[in-house]
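Okay, so here's the structure we're looking at.
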Amino acid sequence: MMGNNLPSKQDTIALFRQNNIRRVRLYDPNIEALNALKNTGIEVLVGVPNSDLGSLTNPSSARAWLQNNVLNHYPAVNFKYIAVGNEVVPSNGGWNVLPAMRNVHDALRGANLQDRIKVSTSVDMTLIGNSFPPSAGEFRGDVRWYIDPIVGFLTSTNSVLLANIYPYFSYIGNPRDISLSYALFTSPSVIVWDGSRGYQNLFDALLDVVYSAVERSGGGSLPVVVSESGWPSNGGNAASFDNARAYYTNLAARVRENRGTPKRPGRGVETYLFAMFDENQKNPEIEKNFGLFFPNKQPKFGIAFAGVREGAAIEKCCI
């Protein structure tokens with residue numbers, strides 16, 4: 001939403017429907033967006049802004065937040081997840097995340113919606129300590145106090161872990177050891193072997209790193225939903241229109257295959273693409289260029305969203 005040239009929320013949701021986009025992530029409960037989503041059937045992942053986490057450690061505040069931002073719009077708005085915080089730094093506010101999650105879940109339970117709407121939080125790959133090979137993935141030792149209880153809570157509530165996974169940032173951080181074709185899904189053969197598991201693309205490898213880390217934190221087979229993934233079309237190293245087109249179209253095709261990852265085969269990977277539009281009020285420059293649509297509503301790339309099977313839906317993130 002951080003642009004001064006973007007379509008209205010109503011026009012944006014109409015664009016979702018025209019493109020058969022069935023799920024959306026909102027980073028905050030924007031009232032105009034929620035009103036535009038009413039009676040569309042589009043599933044919604046709505047976020048609690050990081051700035052609100054402290055207040056939601058109070059149960060009454062959590063109940064009020066849920067009432068105002070979710071229950072007042074339900075069931076006309078088809079809520080699926082509530083992300084309590086996004087990429088919270090454990091050393092700066094991390095102590096608020098789990099209490100806020102518990103209170104929002106308890107408020108949902110009070111409304112008998114705990115099985116219909118799942119509470120989670122969205123983490124990024126900076127929490128990972130070891131990432132190679134994928135089977136050795138684990139969270140950093142200094143954040144285990146933060147993430148292990150969250151994993152336990154998500155497991156106990158039959159929820160999911162939301163993870164923001166960007167092969168782009170892994171590639172530009174280590175272009176010597178990571179090939180561009182591995183990051184863009186264009187490698188013609190397996191690049192990395194991990195025992196009997198072969199990895200032909202970095203997205204699968206990073207997701208399996210998260211699966212392994214979750215297991216080591218006591219999460220067993222806790223599902224992981226990819227709550228952000230994207231590639232910029234301008235503004236930085238390897239940020240080009242052709243690379244972005246290759247990444248988004250190949251990721252969409254990969255997820256539509258519905259065959260999971262080498263570590264967890266046969267399990268669809270629910271994936272949200274970041275983002276709907278280029279946002280000209282973001283900084284630094286690279287952050288302006290993750291859009292899948294231009295502000296005039298024309299698509300940047302030809303991505304097929306139709307015919308996606310349940311459990312393997314490609315979604316749009318961030319309006």
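Some values worked out for this structure:
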| read-out | value |
| --- | --- |
| Leading residue by the ranking (nearest to the chain's Cα centre (by Cα)) among those in segment 36-56 that are small (Gly, Ala, Ser) and not in a helix (DSSP H, G or I) | 47 |
| Residue that is most open to solvent (accessible area, probe 1.4 Å), among those in segment 211-224 that are part of a helix (DSSP H, G or I) and not aliphatic (A, V, I, L, M) | 216 |
| Some residue of segment 16-35 being closer than 19 Å to residue 108 by Cα and part of a helix (DSSP H, G or I) | yes |
| Among (1) at pLDDT 95 or above; (2) out of contact with any helix residue (DSSP H, G or I) (no Cβ under 7 Å at 6 or more places or on another chain); (3) crowded, with 19+ Cβ neighbours inside 10 Å - the single one residue 21 does not satisfy | (1) |
| Residues (surrounded by 17 or more Cβ atoms within 10 Å (Cβ to Cβ) and assigned to a loop (DSSP other than H, G, I, E, B)) located in segment 251-263 | 261, 262, 263 |
| The listed residue being under 26 Å from residue 229 (Cβ atoms) and in contact with a Cys (Cβ under 6 Å, 6 or more places away or on another chain), out of 25, 17 | 25 |
| Residue among 148, 142, 204, 208 that alone is assigned to a helix (DSSP H, G or I), acidic (Asp, Glu) and closer than 17 Å to residue 87 by Cβ | 142 |
| Residue check for residue 116: assigned to a loop (DSSP other than H, G, I, E, B) and over 22 Å from residue 213 (Cβ atoms) | yes |
| Answer from 159, 189 - the residue that is touching a residue at least 24 places away in the same chain (Cβ under 8 Å), over 21 Å from residue 290 (Cα atoms) and either of a type in the set (A, V, I, L, M) or part of a loop (DSSP other than H, G, I, E, B) (or both) | 159 |
| Residue 227 crowded, with 17+ Cβ neighbours inside 10 Å, closer than 25 Å to residue 211 by Cα and among the hydroxyl-bearing types (Ser, Thr, Tyr) | yes |
| Test: residue 181 is open to solvent by 30 Å² or more (accessible area, probe 1.4 Å), part of a helix (DSSP H, G or I) and within 22 Å of residue 87 (Cα to Cα) | no |
| Of all residues making up segment 230-250, the number that are more than 13 Å from residue 203 (Cβ to Cβ) and buried (at least 19 other Cβ atoms within 10 Å of the Cβ) | 4 |
| Among (1) closer than 22 Å to residue 43 by Cβ; (2) at pLDDT 95 or above; (3) assigned to a loop (DSSP other than H, G, I, E, B) - the single one residue 272 does not satisfy | (3) |
| Residues of segment 54-83 satisfying the condition of being under 26 Å from residue 21 (Cα atoms) and of a type in the set (Lys, Arg) | 80 |
| Unique residue being of a type in the set (Phe, Trp, Tyr), open to solvent by 40 Å² or more (accessible area, probe 1.4 Å) and on the phi < 0 side of the Ramachandran plot when the list is 132, 79 | 132 |
| Residue in segment 141-154 that is modelled with pLDDT under 95 and either within 19 Å of the chain's Cα centre (by Cα) or not charged (D, E, K, R) (or both) present | no |
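Listed here are the residues, each with its yes/no results for (1) modelled with pLDDT of 95 or more; (2) touching a strand residue (DSSP E or B) at 6+ places or on another chain (Cβ under 8 Å); (3) farther than 22 Å from residue 150 by Cβ.
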residue: 6; (1), (2), (3): yes, yes, yes
residue: 42; (1), (2), (3): yes, yes, yes
residue: 46; (1), (2), (3): yes, yes, no
residue: 64; (1), (2), (3): yes, no, yes
residue: 86; (1), (2), (3): yes, yes, no
residue: 100; (1), (2), (3): yes, yes, no
residue: 113; (1), (2), (3): yes, no, no
residue: 120; (1), (2), (3): yes, yes, no
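The values are calculated or read from the model by the stated rules, or taken from the named source; none is laboratory data. This one's a predicted model, so the numbers in the text were calculated from it and none came from an experiment. Methodologically, a virtual Cβ is constructed for each residue, glycine included, from the backbone with ideal geometry; neighbour enumeration extends over all protein chains shown. For accessibility, only protein heavy atoms count, side chains too; no ligands or nucleic acids. Shrake-Rupley method; radii C 1.70, N 1.55, O 1.52, S 1.80 Å.
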